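**Q** One structure follows; several queries about it will come next.
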Amino acid sequence: EVQGSSMSVRSFAAPCECTVGAHGVIAAPLNVLPALREDPGGSVRRPIPPRFLRHADEQTVVGLAAVLRAMDEGALRETCLDEWGVVAAPMFPGRLGGAATFRRYQQGGTAAISPHIIPQNSLHSVSSAISISLTMRGPNFGIGGGPEALGEGLTVAMTLLDSAALPGLWLVLTQWAPEPVPDGQGSTRTETICLAVALALFTSPAPAAAQ
């Protein structure tokens, strides 16, 4: 259930309630993704290192961009995020990069495979990249990965807020719409949009401002 700025998830037996302090939304067509990869945005207090997303999966790119868009919004503008956690729930991440890797392996063997494929195209890649780039020290997890990613991500996020001593948590939901058909070259044969929603969640009282 979502009512105003408060979210309560009951259908997954998670009794915790929390506040949505800020949100960021990204909808990036294929032709926008290269520029977003080079410059996902950011704030003065958290500049993203140059070319940090060079090898990242597209869902990582839009997920980080959505978080950056939300960081300077409302209640988070003066909030210290150092101890926050990240729960990312991507849907079918890494398919484009994985298909390209299989093609390269068939053509050139192991020497043609990039070592970046595993850390950049796995279930935990989205949450890890967000946590590292923003130097957050809280837990980070990749959740779901399939068609139930939304519900599974919500459940884990609410459970962490209810049981861990976290000042706040990013819940990042990403997917393609429609699901792409990989072309084996790292892109897709079909037109599609990469989507991300980042929600800044915290239990009451509101998170403390940065000192």
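The values are calculated or read from the model by the stated rules, or taken from the named source; none is laboratory data. It should be emphasised that the depicted structure is a prediction, and the values quoted were computed from it without experimental measurement. Don't worry about glycine lacking a Cβ; one is built from the backbone with ideal geometry, like all the others, and counts go over all protein chains shown. The accessibility values were calculated without ligands, DNA or RNA, using every heavy atom of the protein model including side chains. Shrake-Rupley method; radii C 1.70, N 1.55, O 1.52, S 1.80 Å.
**Q** Estimate the FRET efficiency between Phe102 and Arg137 by the formula 1/(1 + (r/R0)^6), using the beta-carbon distance for r and 45 Å for R0, to the nearest 0.05.
**A** Values: r = 36 Å, r/R0 = 0.80.
Plugging the Cβ-Cβ distance into 1/(1 + (r/R0)^6) gives 0.80.
**Q** If you take Rg and Dmax of the Cα atoms in Å from the coordinates, which of [x] 17.3, 57; [y] 16.6, 48; [z] 18.7, 65 do you get?
**A** Label of the calculated value: [x].
**Q** Quick check: residue separation of Glu38 and Arg189 times 0.36 nm, minus the Cα distance between them. What number comes out in nm? Show your work: numbers first, answer last.
**A** Numbers: separation 151, 0.36 × 151 = 54.36 nm, distance 2.30 nm.
Answer, rounded to one decimal: 52.1 nm.
**Q** Using only Cα atoms and rounding to the nearest 10 degrees, what angle (0 to 90) does helix 58-71 make with the longest principal axis of the chain?
**A** Orientation of helix 58-71: about 30 degrees from the principal axis.
**Q** To the nearest 10 degrees, how steeply does helix 149-163 sit against the main Cα axis of the chain, on a 0 to 90 scale?
**A** The angle comes out at about 40 degrees.
**Q** I want the antiparallel fraction of DSSP beta bridges within the chain, as a percent rounded to 5.
**A** Details: 27 of 37 bridges.
Here the share of antiparallel DSSP bridges comes out near 75 percent.
**Q** Quick one: go through segment 181-204 and flag any residue whose amide nitrogen is under 19 Å from the point 7 Å out along the Cα-to-Cβ line of Glu17.
**A** 200-204
**Q** Of the residues Leu173, Leu64, Leu53, which exhibits the maximal mean-square fluctuation in a Gaussian network model of the chain defined by a 10 Å Cα contact cut-off?
**A** Greatest mean-square fluctuation among the candidates belongs to Leu53.
**Q** Ignoring ligands, DNA and RNA, what percent of the 1.4 Å accessible area of segment 76-211 is carbon and sulfur? Could you put the intermediate results ahead of the total?
**A** Details: 3780 of 6380 Å².
Heavy-atom surface of segment 76-211 belonging to carbon and sulfur, 1.4 Å probe: 59 percent.
**Q** If I take R0 = 22 Å and measure r between the Cβ atoms of Glu83 and His116 in this structure, what FRET efficiency does the formula 1/(1 + (r/R0)^6) give, to the nearest 0.05?
**A** Details: r = 29 Å, r/R0 = 1.30.
In this case the efficiency is close to 0.15.
**Q** Accessible area per residue for the chain in Å², computed with a 1.4 Å probe and the full protein assembly in place, what is it?
**A** Values: 10280 Å² over 211 residues.
That works out to 49 Å² per residue.
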